[in-house]
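Visitor: Dumping the structure here so I can ask a few things about it.
The values are calculated or read from the model by the stated rules, or taken from the named source; none is laboratory data. What you see is a predicted model; the values in this text were computed from it and never measured. Cβ placement follows ideal geometry from the backbone for every residue including glycine, while neighbour counts extend to all protein chains displayed. In case anyone asks, the SASA skips ligands and DNA or RNA and just uses the protein heavy atoms, side chains included. Shrake-Rupley method; radii C 1.70, N 1.55, O 1.52, S 1.80 Å.
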Amino acid sequence: MTIGPGALSQRSDRDTTGGIGESTQRPDGHLKVTGEFAYSSDLWHDDMLWGHTLRSPHPHAAIRRVDLTAALALPGVHAVLTHHDLPAATHYGLEFTDQPVLAQDVVRYQGEPVALVAADHPETARRAAALIAVDYDERPLVHDESSATAPGAPVLHPGRTDHHAAHVPHPNIVHRQPIRHGDVAAARARAEVVVRGEYEVGMQDQAFLGPESGLAVPAADGGVDLYVATQWLHVDQRQLAPVLGLPAEKVRLTLSGVGGAFGAREDLSMQAHACLLALRTGRPVKMVYDREQSFFGHVHRHPAKLAYEHGALRDGTLLYVTCRIVLDGGAYASSSPAVVGNAASLGLGPYEVPHADIEALALYTNNPPCGAMRGFGAVQACFAYESQMDKLAAELGLDPVELRRRNAMRQGTVMPTGQPVDSPAPVAELLARVAARPLPPERPWADPAGPTAAPDLRELPGGLSNTSHGEGIVRGVGYAVGIKNVGFSEGFDDYSTARVRLEVVGGEPVAVVHTAAAEVGQGGVTVQAQIARTELGVTHVTLLPADTTVGSAGSTSASRQTYMTGGAVKHACEAVREAVLARARARFGTAAALEAGKVVAADGEVLATLAEVLGEEPVEIEREFRHRPTEPFHPRTGQGRGHVQYSFCAHRAVVEVDTDLGLVKVVELAAAQDVGKALNPRAVAGQIHGGSAQGLGLAVLEEIVVGPDGRVRNPSFTDYLIPTILDVPGMPLDILELADDHAPYGLRGAGEAPTLSATPAIVAAIRQATGLPLRRVPVRPEHLTGTA
Amino acid sequence: MRVTCTVNGRRQVADHVWEGESLLYVLRERLGLPGAKNACEQGECGSCTIRLDGDLVCACLVAAGQAEGADIRTVEGLAAEDGTLHPVQRAFLDTGAVQCGFCTPGLLMATDELLERVPDPSDADIREALAGNLCRCTGYEAIMDAVRLAAARRAGTGERA
């Protein structure tokens, strides 16, 4: 048997020696560059079968009949399952239990799983699925706010019992969050300038590269071992156990290599299906989605329609903002309620706004389900409020950076939820940093040899397609800044768990760190090892595979893992350190610290080596770590201390646009971000660069196009365009470290904020270059040429 | 059918290959070489980039039968026999060009091929050469750094592949 999830179980010190603050190398880096790192799609087991999912071709239909005869008769097929074969619970979900494991009598979106096949070859499984005859009766669908809430609209989830059902104005509204702040009517009467705008954000996909995949192995005790790429092992386990009809301890999960996540692995995809097939056949079952299955197999970023009104004095001082944000949640709830909470509470941006009326809501429609994606509700709002700030600046004849500076939030600002911002909020400083950078040279395609030389086409919009030699090219510069919450909000009991053992191996002290935190590429494993080195004064750190034999780490999302699992590792290490020092004090009468493998007294005198004090008796301690408690937002007023921490990033974008063809080239995308404390500066830079590139994608490339018929037009990397290395420019960074005293080491979650402001900065630059109003992202060529 | 080829200097035989299988499937599922990755299986992402008789190809677009008799090099063959990392592998680690790492094997193969052809590439050369390899984590900045570093180190040591 070959299973490779233990990729990190070896010592992590091959390349790293440093503690926090150093750009130490990834403990999994060597395996990743040699091709040995075992991703979930690389797993293999003797005797394993391949699973495949049959999905609905219709966005809304009744299922009249399913005939499995031909599929079951295909040689090599071992099982075909429908909802009739489910052993226990039939539905699951992150917030509401509203999503069928397999469709029963109705499908609510194109791509909904209907049946499962296990076969001895993946192609056999695909062919068997194609032989399943499903008789559908298509139903009218709802695809936007007006169709979902029209009189007589089909109610997608009748008889809702979820905790938001009682508050929503219509059963096709998943959740609605109003926020009332100050007195907008009075403020409006004083306003000297008012700007209004309506904006739209398309449906973005996380488009991680490593497809949904995993291996389910039936166990002798009647349970199942699942090796899988996920963002949160324990929430998968919590949803799987009822579906499989097993106690949680018989549903054991181990993280295998994760090829990116960005929110798309927070919901279940193939987990329950692979386990069901494995338990039915008694054989290990591997499932690997192809790219089209992946597009249908995970939630996306909510598309949004946003209407804003900003009122200000002539000097630019903001008096009030009203906004209404309508998010399309698609067929199932996923994490829509929390996305609504974010969109509402962060809907004004990082500004002082004394009066505001805010409303955010998510719809149930027959479109693909939407849920978590990097930025989580804050991305959509940021595009709209930053577009408004530019519009207001233009109306006032003010520089857009100056207008933002005059209204910038700072420490002590009160959010529209009534929550004061109680740690540094250097919004004006971040904008000043990006604004102070020298601009990239004009006409970079021109050959320095002289005006008659041939231009370097690669520096032009359109590139080697030879669409321009410089004619029709205009340049623009745009700015934006955003605010993102860190950690789980609205009263959620958010915690992480770490178990740390300090022991002697081969005469050397070794820290063994065990958490269930999902490493998805961000480098959580790197900083966990750094923290252990710093806290315990050791060089060698072993990271055990993340699994469900240790307590939950919470999700690798919400920019929270360095804060939360980093915090848990820190706390566990501190407890281990105290225990070791107590042991040393019993022996030497004194002991103050662990440094470089030694136990030292307060005056620095070396008392003994750590190995001597530990001897044959390791110290092992498990700790849970919680951030400060938060409160739910009031259902009518939106008031409440709902967030833990805020994260800020600013961008300046420089673009060149071919106005004849509508082609955009982003020439430079500079960012400035406060991260509180960079535990690993190189990894932090990687997060800012990666997040900025995804914001660039939303600005000019990326959209899952869903027609009014509820059908997806482009479920492939041929037609859904993520930025290539030709599309992403140089991205100079300024990283600030202004400590948040409430957080471990003063750190501030960093992964999401850069995804917010990149998009509006780029669109602002395109507006400046072209003079076009541009109220929708992604911006397409036809929006720039007037041929839309 | 049977497919016989040389992979990373070793003769390999795959039996019971179904005619519709790709070279990527044969490498990953029949020869135990999962280093080439399966991110799109339609030639768009470059995660399965390998060398086929020296040419850079997407293994997902090569029918298994086309590999008969071919000389194939995958990411598993980049490091030296004694485990010493190839300079391009080293540079990707040193610059932080690896996050989730799913694109890394393909990018390593493409970078190695670029530096063979163009030892001192300009930034525009690098971007042009790597345009077929998608990365979703890094925003490509660290990858640019890695290629520049690998080129500089190659020049410094006078190494030629």
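Visitor: Taking a ≥ b ≥ c as the square roots of the eigenvalues of the Cα gyration tensor of segment A:495-626, is the shape rounded (a/c under 1.5), prolate (a/b larger than b/c) or oblate?
Guide: prolate
Visitor: Now, a different point. Mean residue ellipticity at 222 nm from the helices of chain A, using -39,500 (n - 2.57) per DSSP H segment of n ≥ 4 over the full residue count, to the nearest 500 deg cm²/dmol?
Guide: -7500 deg cm²/dmol
Visitor: With a 1.4 Å probe and every protein chain left in place, work out the accessible area per residue of segment B:3-77 in Å², rounded to a whole number.
Guide: Per residue, segment B:3-77 has an accessible area of 40 Å².
Visitor: Additional query: So, R0 is 25 Å and r is the distance between the beta-carbons of residue A:121 and residue B:80; what FRET efficiency does that work out to, to 0.05?
Guide: 0.10
Visitor: Based on alpha-carbon centroids, what's the gap between segment A:638-669 and segment A:51-118 in Å, whole number please?
Guide: Cα centroid of segment A:638-669 versus Cα centroid of segment A:51-118: 40 Å apart.
Visitor: While we're on this one: Where does the charge balance sit around residue A:681 when Lys and Arg score +1, Asp and Glu -1, over other residues with C-beta under 15 Å from its C-beta?
Guide: Once all neighbours under 15 Å are counted, the net charge is -3.
Visitor: Same structure again: Can you give me the Cα centroid spacing of segment A:280-345 and segment A:519-536 in angstrom?
Guide: Computed from Cα coordinates, the inter-centre distance equals 30 Å.
Visitor: Next up: Defining a contact as two alpha carbons under 8 Å apart and six or more residues distant in sequence, what relative contact order in percent does chain A show?
Guide: Reported relative contact order: 16 percent.
Visitor: In addition: For the pair residue A:544 and residue A:609, what calculated FRET efficiency results from E = 1/(1 + (r/R0)^6), where r is the Cβ-Cβ distance and R0 = 25 Å, to the nearest 0.05?
Guide: So the FRET efficiency works out to roughly 0.55.
Visitor: Then there is this: At 7 Å along Cα-to-Cβ for each site, give me the label-to-label distance between residue A:716 and residue B:63 in nm.
Guide: 1.8 nm
Visitor: In addition: Go through segment B:57-88 and name the GluC sites (Glu not before Pro) that are in a DSSP coil and have 14 or fewer other Cβ atoms within 10 Å of their Cβ.
Guide: For GluC sites (Glu not before Pro) across segment B:57-88 that sit outside H, G, I, E and B with at most 14 neighbouring Cβ atoms in 10 Å, the list reads B:68, B:81.
Visitor: Counting only the heavy atoms of the protein chains, how much of residue A:85 is accessible to a 1.4 Å probe, in Å² to the nearest 10?
Guide: 50 Å²
Visitor: Report the trypsin sites (Lys or Arg not before Pro) located in segment A:713-788 that are in a DSSP loop and have at most 15 other Cβ atoms inside 10 Å of their Cβ, or state none.
Guide: A:713
Visitor: What does the protein assembly as shown give for Rg and for Dmax, in Å, if only its C-alpha atoms count?
Guide: Cα-based Rg and Dmax for the protein assembly as shown come out at 27.6, 83 Å.
Visitor: Could you give the accessible area per residue of chain A, probe 1.4 Å, as a whole number in Å²?
Guide: Working: 25910 Å² over 788 residues.
I get 33 Å² per residue for chain A.
Visitor: Are there any GluC sites (Glu not before Pro) in segment A:570-609 that are in a DSSP loop and have at most 15 other Cβ atoms within 10 Å? List them by number.
Guide: Answer by residue number: A:605.
Visitor: For chain B, modelled as a Gaussian network with Cα springs under 10 Å, which listed residue fluctuates most, B:21, B:141, B:44?
Guide: Taking springs between Cα atoms under 10 Å, the residue moving most is B:141.
Visitor: Calculate the length of the line joining the C-alpha centroid of segment B:46-64 to that of segment B:94-126, in whole Å.
Guide: Comparing the Cα centres of segment B:46-64 and segment B:94-126, I get a distance of 16 Å.
Visitor: Of A:250/A:286; A:286/B:37; A:665/B:37; A:484/B:37; A:32/A:484; A:391/A:484, which ones are farther than 27 Å apart at the Cα?
Guide: Among A:250/A:286; A:286/B:37; A:665/B:37; A:484/B:37; A:32/A:484; A:391/A:484, the Cα-Cα distance tops 27 Å for A:665/B:37; A:484/B:37; A:32/A:484.
Visitor: Kindly compute the accessible surface that chains A and B hide from a 1.4 Å probe when together, both sides summed, and give it to the nearest 100 Å².
Guide: It comes to approximately 4300 Å² buried between A and B.
Visitor: Using a cut-off of 12 Å between alpha-carbon atoms, which aspartates and glutamates can reach residue A:677, once sequence neighbours fewer than 8 places away in the same chain are excluded?
Guide: Output for residue A:677: A:22, A:737, A:740, A:741.
Visitor: Let me ask something else. Per the 1.4 Å probe, what fraction of the accessible area of segment B:3-77, in percent, lies on carbon and sulfur atoms? Write out the running numbers ahead of the final one.
Guide: Numbers: 1260 of 2960 Å².
Accessible surface attributable to carbon and sulfur in segment B:3-77 totals 42 percent.
Visitor: Now, a different point. Top mean-square fluctuation among B:150, B:14, B:124, Gaussian network model of chain B, C-alpha springs under 10 Å?
Guide: Highest fluctuation of the listed residues: B:124.
Visitor: With an 8 Å Cα cut-off and a minimum separation of 6 or more residues, compute the relative contact order for chain B in percent.
Guide: Reported as a whole number, the value is 23 percent.
Visitor: Ignoring ligands, DNA and RNA, what percent of the accessible area of chain A is carbon or sulfur (1.4 Å)?
Guide: 50 percent
Visitor: Name all residues of segment A:517-548 having a backbone nitrogen under 16 Å from the label point set 7 Å from the Cα of residue A:739 along its Cα→Cβ direction, giving them as ranges.
Guide: The answer is A:535, whose backbone nitrogens lie closer than 16 Å to the label point.
Visitor: How much net charge surrounds residue A:126 when only the other residues with a Cβ under 13 Å from the Cβ of residue A:126 are counted, with Lys and Arg +1 and Asp and Glu -1? Intermediate values should be presented prior to the final figure.
Guide: On the way: positive: A:55, A:127; negative: A:120, A:123, A:290, A:292, B:21, B:41.
Cβ neighbours under 13 Å give a net charge of -4.
Visitor: Can you compute 3J(HN,Hα) from phi for each residue in segment A:710-722, using the Karplus curve 6.51 cos²θ - 1.76 cosθ + 1.60 with θ = phi - 60°, rounded to whole Hz and x for Gly and Pro?
Guide: Per residue, the Karplus-derived 3J(HN,Hα) values read x, 9, 7, 8, 9, x, 7, 6, 6, 10, 9, 9, 9 Hz.
Visitor: Then there is this: Calculate, for residue B:13 and residue A:250, the FRET efficiency according to 1/(1 + (r/R0)^6) with r their C-beta to C-beta distance and R0 41 Å; round to the nearest 0.05.
Guide: 0.50
Visitor: Another one. How would segment A:649-788 be classified by its alpha-carbon gyration tensor: rounded, prolate or oblate, with rounded meaning a/c under 1.5 and the a/b versus b/c comparison settling the rest?
Guide: prolate
Visitor: Right, something else. Run the reach check for residue A:305 against aspartates and glutamates, Cα to Cα strictly under 16 Å, same-chain hits fewer than 8 apart removed. What comes back?
Guide: Those aspartates and glutamates meeting the cut-off are A:144, A:145, A:198, A:200, A:328, A:359, A:386, A:703.
Visitor: Here is a follow-up. Residue A:188 versus residue B:4, label points 7 Å from Cα toward the beta carbon: distance in nm?
Guide: Spacing of the two 7 Å Cα→Cβ label points: 8.3 nm.
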